[in-house]
Each structure stands twice: as C-alpha cells, then as structure tokens.
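K.L.:
Mind looking over this structure? Questions follow.
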Amino acid sequence: MNIKLVEVCIADPYTTIDRTSGLSKYILREIYVNPVHIVALRPDHSMKQKLEEGRFVGELDGRQEFTKIYVNRGQSGFDVTVVGSPDTVQEKLAISKQLLKG
C-alpha cells in the first residue's frame, strides 16, 4: 500500500528563479511512497531555512517542518524531502503498516 505525501521540489529553473538573488524557488507536489522501501527519516533543517528565506512558490506556514526520507532501490537509493516532521511522517507510515497486517 502506497502512502500519499507532499514532496518539496525545485520549481522550473527557467521560469521561477528569483531575479534579485538568482536562487531557485521550490514548489510542492503530491507523491506516493511504498513504506516497505523506506530506510531512514531525518529532519531537513536546510529546507526550513529556505522557507524562512521566502523561496517557496505559494504560501506555506513558517512553522512548517520538513523530513528527508531515504528510499531503498536495491543497490542504490534516493532521498526525497517531504512536508511534515519526522514524527508526523512516521505516524502515516505506521498506520499503513498496521492496515497491511490487519
């Protein structure tokens, strides 16, 4: 069972670069993650700093937290930054595992 999360990703660099600073902007999009393949969760403090710098397209509460998820892909892996604290993300993942076993 896949879980829906909200991913933070770089917006199109050709249309959403801040012209005064030259820095990329970030957007949010929904993704589905298989909890079986998640290896680790950790807070993403760098994304919190980017939020405080106003580098997000659209409005997002300044108190928002972010989590970096490490996903196993066999011999390699990749990481994804999602909206929510590690505790919140862990709760979503734990609920899905309970449903699979029940």
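The values are calculated or read from the model by the stated rules, or taken from the named source; none is laboratory data. Owing to the predicted nature of the structure, the values given are computational and were not obtained by experimental measurement. Using ideal geometry, Cβ is built from the backbone for each residue, glycine included, and neighbour counts are taken over all protein chains shown.
K.L.:
When the residues of the stretch 45-87 are narrowed to those that are of a type in the set (K, R) and assigned to a loop (DSSP other than H, G, I, E, B), which ends up modelled with the highest pLDDT?
P.N.:
R63
K.L.:
For the stretch 65-93, enumerate the residues that are surrounded by fewer than 18 Cβ atoms within 10 Å (Cβ to Cβ), under 18 Å from E30 (Cα atoms) and of a type in the set (K, R).
P.N.:
Selection gives K92 alone.
Every residue, every condition in (1) touching a helix residue (DSSP H, G or I) at 6+ places or on another chain (Cβ under 7 Å); (2) assigned to a loop (DSSP other than H, G, I, E, B); (3) at pLDDT 90 or above, yes or no:
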{"position": "I17", "(1), (2), (3)": "no, yes, no"}
{"position": "L41", "(1), (2), (3)": "yes, no, yes"}
{"position": "V89", "(1), (2), (3)": "no, no, yes"}
{"position": "K92", "(1), (2), (3)": "no, no, no"}
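K.L.:
Could you please give the count of residues in the stretch 20-33 that are outside any strand (DSSP E or B) and touching a strand residue (DSSP E or B) at 6+ places or on another chain (Cβ under 8 Å)?
P.N.:
Applying the first criterion (outside any strand (DSSP E or B)) to the stretch 20-33 yields 20-25.
Then drop every residue that is not touching a strand residue (DSSP E or B) at 6+ places or on another chain (Cβ under 8 Å), which leaves 24-25.
Residues in the stretch 20-33 being outside any strand (DSSP E or B) and touching a strand residue (DSSP E or B) at 6+ places or on another chain (Cβ under 8 Å): 2 in total.
K.L.:
Determine whether L23 is at pLDDT below 85 and surrounded by 10 or more Cβ atoms within 10 Å (Cβ to Cβ). If you could, list the steps in order and put the result at the bottom.
P.N.:
Numbers: at pLDDT below 85: yes; surrounded by 10 or more Cβ atoms within 10 Å (Cβ to Cβ): yes.
Yes: the conditions hold for L23.
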